[in-house]
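Everything below concerns the one structure shown next.
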Amino acid sequence: MVAHPVLPGFHPDPTVCRVGDDYYLACSSFEYFPGVPLFHSRDLRNWTRIGNALDRPSQLRLPLDSPSSGGIYAPTLRHHDGRFWLIVTNVSADGNLIVTATDPAGPWSEPVLLPGVQGIDPDLAWDDDGTCWCTVAGVGQYRIDPRTGETLGPVRRVWSGGPGAKAPEAPHLYHVGDFWYLLIAEGGTERGHAVSIARAPAPYGPFEPCPANPVLTHRGTDDPVQNTGHADLVQASDGTWWMVFLGVRPGGGTPGWHVLGRETFLAPVTWEDGWPVVGELAAPASEPAGSAGHFTSPADGSTPEPPHTHTPALHPTQLDPPHDDFDHPGLAPHWISLRDRPTTHCTTKDRPGWLTLRARGTSLDAPDVVFTGRRQQHPASRTRALIDPSEGRGGLAVRLDEQHHYAIEATRGEVQVRARIGPLNPVVATLPTPPGPLVLRIETTTPEPRGARTGPDTVTLGIENPDGTYVQLAALDGRYLSTEVAGGFTGRVIGMYAAEGTVHFDWCAYEPVAP
Ligand code: 6LW
């Protein structure tokens, strides 16, 4: 069985919590605004986006010169004392911060900063007496007052994972039965990634590692899902246990390139001798029978069913709205912009029914470029947008960072395809066009691998004639827009941008394509 992510595309560092029959999940968002996407599910497999925790500039400061893959790292989402608590690190500005909400769809509070808490990947856990523990990568632990952000004592090193493993991080602390369990990731977020666990009689230790560590890793296997790690546990309302974690799907020949970023996967968990045992990766609920749901647990062969399987699944994986006409005053929560989104530069009010982008940075190479896009969620995809470039220059781009992006750019009477790959920045095609609105198109296709040097996909860029026929201008190797080439923590985002003057977009449509 090939497992599919429950949240495909750039959705790393998942954190999950349950309230009654409802599950909520949050992910990292790095240099994009709004930050920390939030999802709701009744079955842990089909997730619906409900908003973003950091959706106001006062909550999310991302300086215009902050680097890509900076910004917002690794949240923890918990429900305690009638409120949702989300703790996260803004590595580009404010460090660790907490926001709270009574409704996870928002509004979320202004941030409470934790200047005394040093370290990424903060976790929150409460003792029975109300003591709040904040555990960070390393692995260090603080006693804090989460309402004020004050630290109530020095950091204590509680565990550093398995001997010799790098990057003990992503800690989450749980009280289960007689023990406190400390779940961590280790080995780094690349092919060596793993999940390990330790337990103790108290939240602060002493921690005894699980003899079967790591409890999850795909390193050294030929599993199509690699880099599995950075996990969180949740007990379902029917008593079964589940793990969400990140993984990647590398494609092409050696060494494999993943182009959609780190995605969120799900696996069942059973308990043996007081330790969690992770079963096979679970597929989304509407996978064809026989290709999913073999939850054979290495522990006892039992087959836990996901909770609430009555939930209808319309699509095998979560897909944000495929088509946006920009007919509503605000932008839907799946649209993400680079670093900020002032209405002076990105608005639906200038020309009703259109998204208007006003240029600031003069190209996608500049960190202050005005860019609004959405995550590429499927290996084979098609994105189209109707642009009116008559007052400026802009286009449609697939972006990994400032140094890695392909774009089709329109201005009065001409379109160009540009391919930025590290220090190279050629114009690879130019075509005269009639003035006025035109449809730009970007497709990603995944041809059968033909050997060790085959790339993971092909990115094609072109325009549509008024009669709907497609004119392809360039077909580019997708490996150069992969994490293995570009580095960093994000994934591809496909979107609209302005590089000069003002450009208007009537609609933008994204769809998966059958491979
Ligand atoms: C995150 C760390 C990691 O803070 O990558 O995969 C970092 N894990 O835990 C950025 O996502």
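Laboratory data are not the source of any read-out in this text; all were calculated from the coordinates shown. As the structure is a computational prediction, the values presented were derived from the model and not from experiment. All Cβ positions, even for glycine, are placed from backbone atoms using ideal geometry, and neighbour counts span all protein chains on display.
On full extension, the segment bounded by Arg157 and Thr343 gains 62.4 nm, given 0.36 nm per residue less the C-alpha separation. Take the convex hull of the alpha carbons in the stretch 320-512; its mean projected area over all directions comes to 10.5 nm².
Net length available on complete extension from Asp238 to Asn465 is 76.3 nm, with 0.36 nm assigned per residue and the Cα-Cα distance removed.
So what's the chain giving for Rg/Rh, alpha carbon basis, Kirkwood Rh from the mean inverse pair distance?
Numbers: Rg = 22.8 Å, Rh = 23.4 Å.
The Rg/Rh ratio comes out at 0.97.
Our Cα-only numbers for the stretch 423-489 put the radius of gyration and Dmax at 14.8, 44 Å. Distances longer than 20 Å among the Cα atoms of the stretch 77-190: what percent of all pairs is that? I get 41 percent for the Cα pairs in the stretch 77-190 exceeding 20 Å. When peptides 442-450, 27-35, 483-491, 495-503 are sorted by average Cβ neighbour count within 10 Å, with the highest value leading, the order is 27-35, 495-503, 483-491, 442-450.
Taking a sphere under 15 Å around the Cβ of Val91 and counting the other residues whose Cβ falls inside, with K and R at +1 and D and E at -1, yields a net charge of -4. Using all C-alpha to C-alpha distances in the stretch 15-229, build P(r) with 10 Å bins and read off the rounded percent in each one. Histogramming the stretch 15-229 at 10 Å steps yields 8, 33, 38, 19, 2 percent.
Subtract the Cα-Cα distance of Thr131 and Thr445 from 0.36 nm times their separation in residues, and report this length gain in nm to one decimal.
Details: separation 314, 0.36 × 314 = 113.04 nm, distance 5.20 nm.
Taking Thr131 through Thr445 to full extension adds about 107.8 nm, to one decimal.
In summary, the convex hull built on the alpha carbon positions of the stretch 26-123 has an orientation-averaged projected area of 6.4 nm². Protection proxy ranking for 416-425, 132-141, 90-99, using the average of other Cβ atoms within 10 Å per residue and placing the highest first: 132-141, 90-99, 416-425. Across the alpha-carbon atoms of the stretch 187-293, the computed radius of gyration and Dmax are 15.2, 48 angstrom.
Annotation: amide H of Gly51 within the under-5 Å range of Leu38, sequence separation 5 or more or interchain, hydrogens built in the peptide plane.
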